[in-house]
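What follows is a single structure, written as structure tokens, with notes after it.
The values are calculated or read from the model by the stated rules, or taken from the named source; none is laboratory data. Just so it is clear, the model here is predicted, and its values are computed rather than measured. All Cβ positions, glycine included, derive from the backbone under ideal geometry; neighbour counts span all protein chains shown. The protein model used for the area step is the full one, side chains on, heavy atoms only, and it has no ligands, DNA or RNA in it. Shrake-Rupley method; radii C 1.70, N 1.55, O 1.52, S 1.80 Å.
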There are 2 protein chains.
Amino acid sequence: MSHTDPQVTEADRDDEIEDEIELDEPRLRAIREALEARDPTALDDLIEPLHGADIADMLEQIGEGERATLIELWSGHIDGEILSELDEGLREEILNALPAEDVAEAVRELDTDDVVDLIENLDDSDQADAILGALDDVDRVAVERALAFPEYSAGRLMQREVVVAPSFWTVGQTVDHLRQADELPQQFYHVILVDPRMRPVGHVTLGKILAAPRDTPLAEIEEESFRTFEATEPEREVAYAFNQYHLISAAVVDADDRLLGVITIDDAIRILDEEAEEDILRLAGVDAEESLSDRTLDVVRRRFPWLAVNLLTAIIASLVIAQFDQVIAEIVALAVLMPIVASMGGNAGTQSLTVAVRALATRDLTGANVWRVIRREVVAGAINGGAFAAIMGIVGLVWFGTPMLGVVIAVAMVINLIVAALAGVGVPIVLDKINVDPALASGTFVTTVTDVVGFFAFLGLAAIWLI
Amino acid sequence: MSHTDPQVTEADRDDEIEDEIELDEPRLRAIREALEARDPTALDDLIEPLHGADIADMLEQIGEGERATLIELWSGHIDGEILSELDEGLREEILNALPAEDVAEAVRELDTDDVVDLIENLDDSDQADAILGALDDVDRVAVERALAFPEYSAGRLMQREVVVAPSFWTVGQTVDHLRQADELPQQFYHVILVDPRMRPVGHVTLGKILAAPRDTPLAEIEEESFRTFEATEPEREVAYAFNQYHLISAAVVDADDRLLGVITIDDAIRILDEEAEEDILRLAGVDAEESLSDRTLDVVRRRFPWLAVNLLTAIIASLVIAQFDQVIAEIVALAVLMPIVASMGGNAGTQSLTVAVRALATRDLTGANVWRVIRREVVAGAINGGAFAAIMGIVGLVWFGTPMLGVVIAVAMVINLIVAALAGVGVPIVLDKINVDPALASGTFVTTVTDVVGFFAFLGLAAIWLI
């Protein structure tokens, strides 16, 4: 971020320049020192220039005790913006710590979609009621209507505040209307054209309205492409469409195609972000809800189930090894080398798996190319398997001086890397077909397959060829 | 996506309704059948209604031979939009297949930032020259100037097309000026206020301009918060700021703070997307450049290095096992159980690692909470380690009937899960400090640590307590 040279600044620009200040490590350290010293003046000076998003990040990074001190000492308010930027896990703690009138004031500043986001994640229904109670009647009804839509639907995501014009209006009529409007949404990018029954029929960008002569009919400058979403559509579909078609805002309609609200790009980005994050965490066996401000016992509880699944699969792999205990007792070198075959299979499988899971998420892997991708992965697995078979064959031979041991590990390696490729692509595709999130469950399946096949191929071939 | 009921549509809305059609599996199948049957009419009917982004996806999903047939038969043009939506790997193939005049026409439609994106990823410099040659002088100079900025910088990301107004203008002057402008950017969201030396001093949203009376000074309705980026700033910083501060467009300036261009939200989303994708792929040991349209040999080449690293680390773990070959020869049960300890450590380590890598990427893990997070992970590792130690102790005892074997596996489990937590958080933090992407290299380090510690603790304790 560039900081403007103070010499070229005019006096009235102080506000903007301060807004450019970001939360960096020295400032964070200074804030913690001010909290430690219980110095409200220093605290105000340090926090006031920060953007709400940065204040929220700061609250997440300091400790629980420091947060309490901050709320007590800071003369500023935790406003609506800060609340909606906060990690869900922390919101309840902060809401509990704030005086009721502060919460009410904070909530009244927010657009309805942000209030919905705030309420839907609260476990504590008293807090939800308090927030609803703080709203004026119109907003409360809007929020309650939004909450009546299913979770993760377009209806929850949209804001009610819309800017519409009859489709037969001219630019001049629209501009006059906007100038007379009591209140306009904080951010809007299009005027939505509606028919007499409030059904959206198109939209016009603000840029086009500004550039066109007053007598231009809106219909003449409307965008070529216009998409609406039904309120019950899943938010992930909405986010996908925003990303795919570069939308900036889109109208939301009910089953009769009547305008209900509008979804803007910032909501879509949040969902896209959450989806990518979910994939990353789930692929690693971490609960998608986990956050850095979770307490230790929450972390224990969230991580345990996946580790338990892994324990079961590890035991299955061990049962395979146990079948060959006589072989291992005779040739201990097998115990030394067997993890290599399993580990290479696991890694190759994870590579194929991750590519497949992401391609499914971005809808790049479809019926049209599924066989081509599977063939590609399997051939690539066979070629890399061959290369590593040659390397490990030589290592095995040199290390233990038994040529046949080199052959065994080489053949097992090729088999396992081919199986890894097959499982890596096949498992997520099958899970996706049966509507299980491939990111969630594929990892366990694939590494179980590569462990079992790796141990079985290596020890089985050893039993046949070496004994 | 809701499809408007045909009965309520007016004739002049045909275009928009067709635009709502998406690329789904039946349509993709029909396109492939039309290609197979070499039926240009069917092909046109199927492709024309699609959005450019969907046409690009379709081109990525069909085979190479089908693409050639499509370019030959389809009467429509691969336009600039389709080209910029295409996977980088496919662009050169398509550019080579297209007649020169089609390429020229396609490129002239694009904003300068999209031309830059197109050219910077071409390996073939003849193609780049051909594209530059197709541009008119003004655009060519703009593109060449952008290419002079470092790769992955704000300068490469920005478009030159900006809408500015002197900061002392009124709304009326601005609107008149916009109405007289020859050409405005396809999309713009703010009018940037500049001083007489073209230094941006603020910006006004189009919504505010539309809503304000003509005699309102722009300075009165400018946004409170205003951020500019220097052209040399890394694009990831820009993308982070767009996401963190919910920006929709931002001015880019040179070292003297003069306006050079503007970056819009669609560019920022693309970078955010790429960054998340990079993290996901790198965590799994997949080259971040890999794409689903890569050929088999590219896949082999891209995956090999990571598998080679993994082979080395697997051999290191095997060397640890080799130290205890006498112990294993005496008690074969150790060979059966040892992968369980290593596997649990690897999984727990990967969980901690993934959380840490993402927290670093989103800047949630900083000096302020690093010790708190490390402590949390280690304590959680110890608690889950204790739980699984109890389970595995019992399993070991029941399975092999040796109480001391149960104790050995239990203690090894606790040790390895604590180490896994430490390595999982510690390794990415250290890599980040020394400016290595933690997503790229952490995985290998962490699983090597958990393999080595797992085998060493389990076999070492067995050597002491069981023999």
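Details
- Scanning region B:394-415 for any residue that is closer than 16 Å to residue B:351 by Cβ and assigned by TED's automatic domain parsing to the domain that holds residue B:365 turns up at least one such residue.
- Selection status of residue B:286, β-branched (Val, Ile, Thr), out of contact with any Gly (no Cβ under 6 Å at 6 or more places or on another chain), farther than 19 Å from residue A:187 by Cα and not in a helix (DSSP H, G or I): yes
- Among the residues of region B:360-386, those that are open to solvent by 20 Å² or more (accessible area, probe 1.4 Å), more than 7 Å from chain A (Cβ to nearest Cβ) and either touching a Ser or Thr at 6+ places or on another chain (Cβ under 6 Å) or free of Cβ contacts under 8 Å to residues at least 40 places away in the same chain (or both) comprise B:362, B:371, B:375, B:382, B:386.
- Residue check, residue B:321 at the interface with chain A (Cβ under 7 Å from one of its Cβ atoms) and in a helix (DSSP H, G or I): yes
- Checking region B:319-329 against the condition returns no match, with no residue being buried (at least 23 other Cβ atoms within 10 Å of the Cβ) and not hydrophobic (A, V, I, L, M, F, W, C).
- Members of region B:295-318 found to be touching a residue at least 12 places away in the same chain (Cβ under 8 Å), facing chain A (nearest Cβ under 8 Å) and within 30 Å of residue B:56 (Cβ to Cβ), listed by number: B:303, B:306
- A count restricted to region A:130-149 and to residues that are open to solvent by 70 Å² or more (accessible area, probe 1.4 Å) and either part of a helix (DSSP H, G or I) or touching a residue at least 12 places away in the same chain (Cβ under 8 Å) (or both) stands at 5.
- Here region A:177-204 is the region considered, the condition is being assigned to a strand (DSSP E or B) and facing another protein chain (nearest Cβ under 8 Å), and the residue that is farthest from residue B:181 (Cα to Cα) is A:201.
- Which numbered condition residue B:80 misses (of (1) surrounded by fewer than 20 Cβ atoms within 10 Å (Cβ to Cβ); (2) within 18 Å of residue B:129 (Cβ to Cβ)): (1)
- Criterion: touching a helix residue (DSSP H, G or I) at 6+ places or on another chain (Cβ under 7 Å), away from chain B (no Cβ under 11 Å) and at pLDDT 95 or above - qualifying residue of A:422, A:397, A:417: A:422
- Total residues in region B:13-52, condition modelled with pLDDT under 90 and within 7 Å of chain A (Cβ to nearest Cβ): 6
- Test set (1) part of a helix (DSSP H, G or I); (2) at pLDDT below 95; (3) within 30 Å of residue B:393 (Cβ to Cβ) - residue A:294 fails condition number: (1)
- Taken over region A:270-280, residues that are under 24 Å from residue A:307 (Cβ atoms), within 9 Å of chain B (Cβ to nearest Cβ) and surrounded by fewer than 21 Cβ atoms within 10 Å (Cβ to Cβ) amount to 1.
- The test for being open to solvent by 20 Å² or more (accessible area, probe 1.4 Å), among the small types (Gly, Ala, Ser), under 30 Å from residue A:58 (Cα atoms) and within 14 Å of another protein chain (Cβ to nearest Cβ) holds for residue A:89.
- Failed condition for residue B:334, given (1) open to solvent by less than 10 Å² (accessible area, probe 1.4 Å); (2) more than 7 Å from every other protein chain (Cβ to nearest Cβ); (3) within 24 Å of residue A:306 (Cα to Cα): (3)
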